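Visitor: Have a look at this one before I ask anything.
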Amino acid sequence: TGAGSGIGRATALAFAEKGADLVLADIHPERLNEVNQAVSAKGARAITRQVDVADKTQVDEFAAFTLHERGHVDILFNNAGVGVAGALVDTDIADYEWIFAVNYWGVLYGLKAFLPHMIARRHGHVVNTASAAGLFALPNMSAYCSTKFAVVGLSETLRSEVRRYGI
């Protein structure tokens, strides 16, 4: 997810250089199309879907689409993310709800949608993008840091739970 820009785009291109079959998702279709063209220019096979990771139904549909088209997933990269800056007292609750919907719930939705298939195969790798903001508190970044701390905690717990499945 989040393949249209930044880390997601760079990762898609790096995987394309290695010849991976890719299924790319982003909320911005124009960015997704640009990345798809760049990936295809490297000779990799890619399909794309516009997905809002804050919408569980869209993530579930994306997983079903991906598994139908590719049969399995070797690497799940939960990368979509957004930022909100501002002091806690000045940041609106709606901003907290939005950033958590994308940065935390989007990761959890991706895990819940794809992980059962990886467990059944007893194979796979999961990458959940957080940042140093998930390890160190930053002033005027309470909303962003909160989501990234949550992703780090979720990821560390997940690692201990799925290791026995070869994931």
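The values are calculated or read from the model by the stated rules, or taken from the named source; none is laboratory data. All figures in this text were calculated on a predicted structure; none of them were measured in a lab. Ideal geometry is used to build each Cβ from the backbone, glycine not excepted, and the neighbour counts take in all protein chains shown. Each accessible area value is taken on the protein alone, full model and side chains, heavy atoms only, with ligands, DNA and RNA left out. Shrake-Rupley method; radii C 1.70, N 1.55, O 1.52, S 1.80 Å.
Visitor: If only one of LEU67, LEU13, LEU24, LEU88 is open to solvent by 60 Å² or more (accessible area, probe 1.4 Å), among the aliphatic types (A, V, I, L, M) and modelled with pLDDT of 95 or more, which one is it? Break it down into steps so the answer makes sense when it comes.
Guide: Values: LEU67 fails: open to solvent by 60 Å² or more (accessible area, probe 1.4 Å); LEU13 fails: open to solvent by 60 Å² or more (accessible area, probe 1.4 Å); LEU24 fails: open to solvent by 60 Å² or more (accessible area, probe 1.4 Å).
The conditions single out LEU88.
Visitor: May I ask you to list the residues in the range 32-64 that are open to solvent by 70 Å² or more (accessible area, probe 1.4 Å) and without any contact (Cβ under 8 Å) to a residue 12 or more places away in the chain?
Guide: Within the range 32-64, GLN37, ALA41, THR57, GLU61 qualify.
Visitor: So if I check each of ALA87, ALA25, which one is under 12 Å from the mean Cα position of the chain (by Cα) and farther than 26 Å from ARG164 by Cα?
Guide: ALA25
Visitor: Consider only pairs whose beta carbons are under 7 Å apart and that are at least six residues apart or on different chains; among these, list those whose first residue lies in the range 81-103 and is under 26 Å from GLN58 (Cβ atoms) and whose second residue is acidic (Asp, Glu).
Guide: Partner pairs satisfying both residue conditions: VAL84/ASP95.
Visitor: Suppose we keep only residues that are open to solvent by less than 60 Å² (accessible area, probe 1.4 Å) and part of a loop (DSSP other than H, G, I, E, B) within the range 124-167. Which one would you say is farthest from TYR96 (Cα to Cα)?
Guide: Filtering first and then ranking leaves GLY166.
Visitor: Please go through the range 1-10 and pick out each residue that is crowded, with 20+ Cβ neighbours inside 10 Å and touching a Ser or Thr at 6+ places or on another chain (Cβ under 8 Å).
Guide: GLY2, ALA3, GLY8
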